[in-house]
1. Can you tell me which condition Leu183 does not meet? The list is (1) surrounded by 15 or more Cβ atoms within 10 Å (Cβ to Cβ); (2) out of contact with any Lys or Arg (no Cβ under 7 Å at 6 or more places or on another chain), and all the others hold.
2. What number of residues within the stretch 248-268 satisfy the criterion of being surrounded by fewer than 22 Cβ atoms within 10 Å (Cβ to Cβ) and closer than 26 Å to Val155 by Cβ?
3. From the list Ile179, Ile191, Ile245, Ile257, exactly one residue is farther than 21 Å from Met284 by Cβ and at pLDDT 95 or above. Which is it?
4. State which residue is farthest from ligand 2 (Cβ to nearest atom) when the search covers only the stretch 238-269 and only residues that are part of a loop (DSSP other than H, G, I, E, B) and either touching a Lys or Arg at 6+ places or on another chain (Cβ under 9 Å) or small (Gly, Ala, Ser) (or both).
5. Do any helices (runs of 4 or more DSSP H) entirely within the stretch 96-153 hold 2 or more residues that are touching a Lys or Arg at 6+ places or on another chain (Cβ under 7 Å), and if so, which?
6. Within the stretch 381-419, can you find the residues that are assigned to a helix (DSSP H, G or I), of a type in the set (Val, Ile, Thr) and over 21 Å from Thr233 (Cβ atoms)?
7. Which residues, taken from the stretch 65-124, are of a type in the set (Lys, Arg) and either within 21 Å of the chain's Cα centre (by Cα) or under 16 Å from Val308 (Cβ atoms) (or both)?
8. Pairs, please: C-beta under 7 Å, at least 6 apart or cross-chain, first residue in contact (Cβ under 8 Å) with a residue 60 or more places away in the chain and at positive phi and in the stretch 273-284, second near ligand 2 (Cβ under 8 Å from one of its atoms) and not small (Gly, Ala, Ser)?
Amino acid sequence: MKILVVGGGGREHALAWKLAQSERIQLVYVAPGNGGTASDVRLVNLPLTDPRLLAEFALREHVALTVVGPEVPLAAGIVDLFRSRGLKIFGPTQAAAQLESSKDFAKSFMQRHHIPTARYQTFTEAAAAHAYIDAEGAPIVVKADGLAAGKGVVVATSVAEAHEAVDSMLSIAGGRIVIEQFLSGEEASFIVMVDGKNVLPLATSQDHKRLRDHDAGPNTGGMGAYSPAPIVTPALHARVMREIILPTVQGMAKDGIVFTGFLYAGLMIDEHGNPKTLEFNCRMGDPETQPIMARLKTDLVGVMEHAVNGTLDEVELSWDRRTALGVVMAAAGYPEQPRSGDVISGIGAESADYVCFHAGTQLADGKLTTAGGRVLCVVGMGDSIKMAQKVAYDAVDKIKFDGAQFRRDIGWRGIKHPG
Ligand code: AMP
Ligand code: GLY
């Protein structure tokens, strides 16, 4: 069977890597992919911004199933289009993807269905937004309504910073913003697969969004992640399913939108262990996918078939009991202006406790170079977070490219957590 993975990041490399391990796979295509091709993965030179070309490719190549990595094609309606052509695809429809593509949609949905989240208001007029900030005070969080690749959120520590964020976000024509209460606590990523009615949770994970050690520096797409996340105890897991995930899937159905695809709730867990939803993503996380896939033992092809056929209730996932920990190595200049073209060396051979997923890399004439912000995600496995960390950083220390940026402390939250 042939499968198509849409996307070109580390998440898509990890999905393709896992799918390609299945005995039933003839070929995994990745569009557009990156420099990390294995022998059984083939790159397709098609932009993910044009779902029609991808659908034509899938029809021509008799692709049995398509899995979508990033949010942009989902928000553009790739799932609706593929289905209208009779193609099987796993992901949310354009309407369902609004959970991620519009903060205003997500917030009003959560309010309507009593899903715990920060108090908020939506604004299109600057004057009203400024008045709200003056009344609420800081810290306060200002979010652009649409997709912004992680750049649309300002966690303002002062009222002045919040006012500035309002002006810059509303200066865009037709701009709409959400202003919400600041939540303190610890973040975790809670990712499930949904087939329209059945919900299958994946292993828990946590990522690190800031560029530098000790969670300093600018926000990024994620500088590292590990699975499992000890903060998500079995009791908290049950509670998140009951209070957030199931009401979301049922609430969407009640609103007339059947949700299919990966559903990712970004959680903030307060000091008493109460979870609130910071945001929804309608896809897997990057880099959370990399350690999660490194731990998945079940054949992902079979799981995907159940997902598109509406029979996820028949699936039981099995996970490597070890911790997987992924360190992102980013290019010089990331996140503002990543530099391309630096030669990469020192990626060792994959083993039972090590795999290096590619993201912003390019392979040309046998030479591997940087070609994007986040370049690699180096995953180590170990019986504890510390042991996984050691495997990952031993590998990171051997990998070289000019200007490489990475954190030395991926996993610190998990290490400090009891149990
Ligand atoms: P989002 O894209 O909504 O997840 O926001 C990106 C990041 O901003 C989150 O991962 C949090 O670190 C932070 N953030 C978002 N909303 C809040 C909030 N209400 N309180 C505190 N931090 C937040
Ligand atoms: N790692 C955060 C995200 O994928 O949105």
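The values are calculated or read from the model by the stated rules, or taken from the named source; none is laboratory data. A quick note: this is a predicted structure, and the numbers were derived from the prediction, not measured. Glycine gets a Cβ as well: all are built from the backbone with ideal geometry, and neighbour counts include every protein chain shown.
1. Failing condition for Leu183: (2).
2. So the answer is 2.
3. Residue meeting the stated conditions: Ile179.
4. Result: Gly256.
5. 103-112
6. Listed by number, the residues that qualify are Val391, Val396.
7. Scanning the stretch 65-124 gives Arg83, Arg85, Lys88, Lys103, Lys107.
8. none
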